[in-house]
Amino acid sequence: FSHEGEEFIHVLVGTYEFVYDGKKDILNQGDSVYFDSVIPHTGRSLGKRRARIIAVMYSYKRSRNF
């Protein structure tokens with residue numbers, strides 16, 4: 001995925017493989033990551049137990065049509 005803005009991911013339960021700009025990191029319960037979401041990124045659960053995450057996305061571009 002790639003989209004404008006910034007993103008924060010926090011792992012609530014399980015193990016989550018996070019790939020950012022082609023580099024893999026393993027996130028465990030309680031781990032978080034904050035990044036520029038224009039850079040290609042993806043993720044997936046690892047192990048038998050499905051990971052649960054919370055993702056917060058922020059886009060700094062605003063429409064002038066309020």
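The values are calculated or read from the model by the stated rules, or taken from the named source; none is laboratory data. Predicted model, so just to flag it, every value in this text is computed and none were measured. Backbone-built Cβ (ideal geometry, glycine too); neighbour counts: all protein chains shown. Remember, those area values only see protein heavy atoms, side chains included, never the ligands or the DNA or RNA. Shrake-Rupley method; radii C 1.70, N 1.55, O 1.52, S 1.80 Å.
A simple spin-label model places the labels of residue 25 and residue 3 2.0 nm from each other, with each point 7 Å out along Cα-to-Cβ. Backbone N atoms of the range 21-43 closer than 12 Å to the 7 Å Cα→Cβ label point of residue 54 belong to residues 30. Between residue 46 and residue 13, the simple spin-label model (points 7 angstrom out along Cα→Cβ) gives 2.0 nm. Taking only protein heavy atoms and a 1.4 Å probe, the accessible area of the chain is 52% carbon and sulfur.
Among 23, 48, the order of accessible area from largest down is 48, 23, computed with a 1.4 Å probe on protein heavy atoms.
Once you list every other residue whose beta carbon is under 15 Å from the beta carbon of residue 40, what net charge do they have if Lys and Arg are +1 and Asp and Glu are -1? Net local charge, residue 40 excluded: -4.
Tally Lys and Arg at +1 and Asp and Glu at -1 over the other residues with C-beta under 13 Å from the C-beta of residue 16: what net charge comes out? Result for the local shell: +2.
What does the charge add up to near residue 3, with Lys and Arg as +1, Asp and Glu as -1, over the other residues with Cβ less than 11 Å from its Cβ? Around residue 3, the surrounding residues sum to -3. The residues of the chain have, on average, 78 Å² of accessible surface per residue, using a 1.4 Å probe with all protein chains present.
Charged side chains reduced to their Cβ positions (Lys and Arg at +1, Asp and Glu at -1) give the chain a dipole of some 320 debye around its Cα centre.
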